[in-house]
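S.K.: Sharing a structure below in structure tokens format, with a few things to ask.
The values are calculated or read from the model by the stated rules, or taken from the named source; none is laboratory data. In this text, all values refer to a predicted model and were calculated from it rather than measured experimentally. For neighbour counting, all protein chains shown are included, and Cβ atoms are generated from backbone atoms with ideal geometry for every residue, glycine included.
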Amino acid sequence: MMQKDNGVDFMRMEDIRELDRACFMNTFGERTPVAFDRGEGMYLYTTEDEKYLDMFAGIAVNSLGYNHGEFTKVIQEQAGKLLHTSSLYYIESQALLAKKLVDISCADRIYFANSGAEANEGAIKLAKIYFYKKGIEKYEVISLKSSFHGRTLATVAATGQEKYQKPYYPLIPGFKQVEINDIEALKAAVTDKTCAILLEPVQGESGVHPVDDAYIKEVRRICDEKEIILIFDEIQTGIGRCGKMFCYETMGVEPDIFTLAKALGNGIPIGAVCAKQFVADAFQPGDHGGTFGGNPLATRAGLCVLDIMEKENLPQNAEKMGGYIENEIMAKCTDKVKQIRRKGLMIGIEMYEPAADMRKKLFEKKILVGAVGNTLRVLPPLIIGKDEADEFIKAFCELAMSN
């Protein structure tokens with residue numbers, strides 16, 4: 001242990017890393033060599049009190065930034081009252097959050113889970129049991145190549161990336177993937193056994209690839225014609241990230257089921273399965289459940305997040321600041337950028353060289369971003385203002401132009 005100037009004990013980065021290597025399962029390998037112990041607004045502070053601009057928001061989770069006054073107060077109050085009771089009893093904040101999501105979305109019924117993967121599991125189960133209870137043999141799920149839906153066995157089977165699937169062969173049967181925005185490939189994959197089409201409105205993990213509006217409208221038509229459940233995975237795109245509270249609102253299409261997680265809890269684990277009445281009715285007592293899902297702490301957090309999103313106009317700020325970042329980068333260093341793909345503050349900056357190099361250089365300048373292939377992933381908290389955006393733009397363009 002070491003002490004800061006104020007006398008507070010803390011562990012050195014090297015000690016934390018050694019403990020991790022000795023005791024934690026090696027699922028993440030060598031992580032970025034930093035450990036954070038507090039945050040304020042758009043900034044994170046390390047155990048050694050170094051300051052970093054966060055342009056990744058814990059992979060689109062911390063949309064309210066850090067230590068948001070109202071959110072912090074609510075969590076502290078709830079922690080002092082009640083954390084968990086179980087689904088054996090009624091929970092006030094669970095009922096209120098379900099009502100709030102119904103009021104502001106196309107969903108009629110809500111089920112709360114603990115994570116995005118668990119929410120997607122619930123959505124897949126709901127689509128399958130819907131046809132089972134109608135006595136119709138439909139069980140196949142079509143998703144998209146390069147998609148990411150989670151790391152459970154079912155969501156790995158739905159994820160369109162071999163690197164996540166291969167260690168777990170044979171996969172759960174009934175899942176198939178087609179190329180994004182290729183409607184003919186989708187039509188060819190549909191059979192009389194297809195129960196659901198599952199897709200992300202914007203593929204995040206593979207580098208910010210939006211689904212075309214014309215494509216999704218045709219997908220909706222096919223689902224209506226063939227009696228197929230349309231599921232949107234809004235784990236990353238939902239809760240203001242794409243310029244509206246839900247990304248489907250920007251596309252002119254409503255899903256039958258959509259899933260939420262990440263930003264809904266602003267760091268408190270929560271997931272949600274949101275469904276229209278006709279399909280939600282398929283779940284009856286005993287068909288699905290969970291111990292922790294929708295507990296008092298998580299649902300109180302979700303209520304507070306939605307309230308702040310609306311009061312502070314954060315979805316609108318996402319579109320405004322996302323457009324500003326895109327325009328400024330293209331104006332100042334367009335020759336170094338192959339393409340920018342963007343939906344609100346979900347930004348993919350495709351470069352001519354591996355994006356990991358740029359991520360490392362930005363980290364050295366104390367700015368946090370993500371990277372996959374040649375694409376830099378930028379997912380800042382939705383509270384971002386012009387000053388923080390300019391700090392990122394200046395650092396990125398200086399590094400890009402120096403190559």
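S.K.: Between 308, 340, which is out of contact with any Cys (no Cβ under 7 Å at 6 or more places or on another chain) and farther than 30 Å from residue 74 by Cα?
M.R.: Residue meeting the stated conditions: 340.
S.K.: Cβ-Cβ below 8 Å, separation at least six or inter-chain, first residue in the range 36-60 and without any contact (Cβ under 8 Å) to a residue 40 or more places away in the chain, second among the charged types (D, E, K, R) and crowded, with 16+ Cβ neighbours inside 10 Å: which pairs?
M.R.: 39/54; 43/54
S.K.: Across the range 291-343, which residue is surrounded by the fewest Cβ atoms within 10 Å (Cβ to Cβ) among those that are assigned to a helix (DSSP H, G or I), assigned by TED's automatic domain parsing to the domain that holds residue 102 and of a type in the set (Gly, Ala, Ser)?
M.R.: Filtering first and then ranking leaves 301.
S.K.: Can you tell me which residues in the range 364-386 are in a helix (DSSP H, G or I) and over 25 Å from the mean Cα position of the chain (by Cα)?
M.R.: Scanning the range 364-386 gives a single hit, 364.
S.K.: Name, by its number, the condition in (1) exposed (fewer than 14 other Cβ atoms within 10 Å of the Cβ); (2) closer than 24 Å to residue 385 by Cα; (3) free of Cβ contacts under 8 Å to residues at least 24 places away in the same chain; (4) not charged (D, E, K, R) that does not hold for residue 67.
M.R.: That leaves (3) as the condition not met.
S.K.: Here is a further query. Given the criterion outside the structural domain of residue 57 (by TED's automatic domain parsing), among the acidic types (Asp, Glu) and under 30 Å from residue 301 (Cβ atoms), identify the matching residue among 233, 213, 224. Before the answer, list the steps.
M.R.: Details: 213 fails: under 30 Å from residue 301 (Cβ atoms); 224 fails: under 30 Å from residue 301 (Cβ atoms).
Within the list 233, 213, 224, the selection yields 233.
S.K.: Just one of (1) in the same structural domain as residue 247 (by TED's automatic domain parsing); (2) within 21 Å of residue 312 (Cβ to Cβ) trips up residue 94, so point out which.
M.R.: (2)
S.K.: Of all residues in the range 78-97, how many are under 16 Å from residue 265 (Cβ atoms) and either of a type in the set (Gly, Ala, Ser) or assigned to a helix (DSSP H, G or I) (or both)?
M.R.: Total satisfying the criteria: 6.
S.K.: I would also like to ask the following. If the Cβ limit is 7 Å and pairs must be 6+ apart or interchain, which residue in the range 258-282 that is touching a residue at least 24 places away in the same chain (Cβ under 8 Å) and at positive phi pairs with which residue that is assigned to a helix (DSSP H, G or I) and among the β-branched types (Val, Ile, Thr)?
M.R.: 266/305
S.K.: Suppose the filter is over 18 Å from residue 143 (Cα atoms) and surrounded by fewer than 19 Cβ atoms within 10 Å (Cβ to Cβ); does residue 269 pass it?
M.R.: In short, no.
S.K.: Hey, another quick one. Assigned by TED's automatic domain parsing to the domain that holds residue 42 and more than 24 Å from residue 262 (Cβ to Cβ): is that true of residue 365 in this structure?
M.R.: Yes.
S.K.: Take the range 185-222 and flag every residue that is part of a strand (DSSP E or B) and either in contact with a helix residue (DSSP H, G or I) (Cβ under 8 Å, 6 or more places away or on another chain) or surrounded by fewer than 16 Cβ atoms within 10 Å (Cβ to Cβ) (or both).
M.R.: Those that are part of a strand (DSSP E or B) and either in contact with a helix residue (DSSP H, G or I) (Cβ under 8 Å, 6 or more places away or on another chain) or surrounded by fewer than 16 Cβ atoms within 10 Å (Cβ to Cβ) (or both): 194, 195, 196, 197, 198, 199, 202.
S.K.: Then there's this: Sort through 135, 204, 174 and tell me the only one that's in contact with a strand residue (DSSP E or B) (Cβ under 7 Å, 6 or more places away or on another chain), within 22 Å of residue 282 (Cα to Cα) and at pLDDT 95 or above.
M.R.: The conditions single out 174.
S.K.: Still on this structure: For residue 152, only one of the following conditions fails: (1) crowded, with 22+ Cβ neighbours inside 10 Å; (2) over 30 Å from residue 320 (Cα atoms); (3) out of contact with any Leu (no Cβ under 7 Å at 6 or more places or on another chain); (4) of a type in the set (S, T, N, Q). What is its number?
M.R.: Here residue 152 meets the rest and fails (1).
S.K.: Same structure, new question: So, residue 125, is that one closer than 16 Å to residue 304 by Cα, outside any loop (DSSP other than H, G, I, E, B), more than 19 Å from the chain's Cα centre (by Cα) and not β-branched (Val, Ile, Thr) or not?
M.R.: Against the criterion (closer than 16 Å to residue 304 by Cα, outside any loop (DSSP other than H, G, I, E, B), more than 19 Å from the chain's Cα centre (by Cα) and not β-branched (Val, Ile, Thr)), residue 125 does not qualify.
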